[in-house]
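Asks: This is the structure, below, for whatever I ask next.
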Amino acid sequence: MESWLTAFATSTTLVAVAEIGDKTQLLSFALAARFRKRGTIILAIFIATLVNHALAGSVGVLLAQWLSPRTTSLLVGIGFIAFGAWALVPDTLDEEPKGHGGVFMTTLVAFFIAEMGDKTQLATIGLGARFPFPVAVVLGTTIGMMIANIPAVLIGHRLADKLPLRAMRLIAATLFVATGAITLWLAPAA
């Protein structure tokens, strides 16, 4: 039987590693360089992530309720393996963050929108479907995002040059594929 702690630790680890070099981390670098109000940026990232991932985790819970346990496990397992392949592709920030609503609102809206359809949001949906502990999943994925993004805000572009992004993408890909394989392995029989 899986525990709340397993759901939390898996969610935190997967998202923290997957977020390295992700477009939302690149957005964190850009916001910090542009606005310099690090505390405000971090708070806005936290709130945007918590709301976004609460919605994503809820979608995962609904999918798990609507689909059979076997179908859910198969979809989530295949999804995680696909996220592993996606993690190997470097992200780019399509445009510089713009905003006229102040640092907090600009960061909140930009981060929430950037996270829509991102691999960490989709992973949160999968984790919400995979584990029967939605609060653990949402807290874990949110903390994972903060683990990766707080240093990006505090240290800025100096950190980007020091991180071995290729190695981090490989680790993220491996974790996603392993989670997908375990999910498929543990899938209930037909």
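Asks: If you average the alpha carbon positions of the stretch 54-80 and of the stretch 1-31, how far apart do those two centres end up, in angstrom?
Replies: The distance from the Cα centre of the stretch 54-80 to that of the stretch 1-31 comes to 18 Å.
Asks: Can you give me the convex hull volume of the Cα atoms of the chain, divided per residue and expressed in Å³?
Replies: Details: hull volume 18.7 nm³, N = 190.
It is 99 Å³ per residue.
Asks: Quick one: Kirkwood hydrodynamic radius for the stretch 20-91, alpha-carbon pairs, angstrom, one decimal?
Replies: Hydrodynamic radius (Kirkwood, Cα only) of the stretch 20-91 equals 14.7 Å.
Asks: Oh, and also: If contacts are Cα pairs under 8 angstrom and at least 6 residues apart, what is the relative contact order of the chain in percent? Intermediate values should be presented prior to the final figure.
Replies: Working: 297 pairs, mean separation 89.7, N = 190.
The value is 47 percent.
Asks: Could you compute the net charge surrounding GLN121? Neighbours are other residues with a C-beta less than 12 Å from the C-beta of GLN121; K and R count +1, D and E count -1. Walk me through the numbers on the way to the answer.
Replies: Numbers: positive: LYS23, LYS119; negative: GLU19, ASP22, GLU115, ASP118.
Result for the local shell: -2.
Asks: Run the helix sum for the chain: -39,500 (n - 2.57) per DSSP H stretch of 4+ residues, divided by residue count, reported at 222 nm to the nearest 500 deg cm²/dmol. Can you show the working numbers first?
Replies: Working: 9 runs with 151 residues, N = 190.
When only DSSP H runs of four or more count, the value is -26500 deg cm²/dmol.
Asks: Could I ask something else about it? Count the net charge of all other residues whose Cβ sits under 15 Å from the Cβ of LEU186, scoring Lys and Arg as +1 and Asp and Glu as -1. Walk me through the numbers before you get to the answer.
Replies: Values: positive: ARG70, ARG130; negative: GLU2.
Combined, the nearby Lys, Arg, Asp and Glu give +1.
Asks: Let me ask something else about it. Using a 10 Å cut-off on Cβ atoms, rank the peptides 179-189, 142-152 from the highest mean neighbour count down. Provide the component values of the computation, followed by the final result.
Replies: On the way: 179-189: 14.9, 142-152: 22.3.
Ranking the peptides 179-189, 142-152 by packing returns 142-152, 179-189.
Every number in this text was worked out from the coordinates using simple rules, so none of it is lab data. Fair warning: this is a prediction, and the values are worked out from it, not measured in the lab. Positions of Cβ are backbone-derived with ideal geometry, glycine not excepted, and every protein chain shown enters the neighbour counts.
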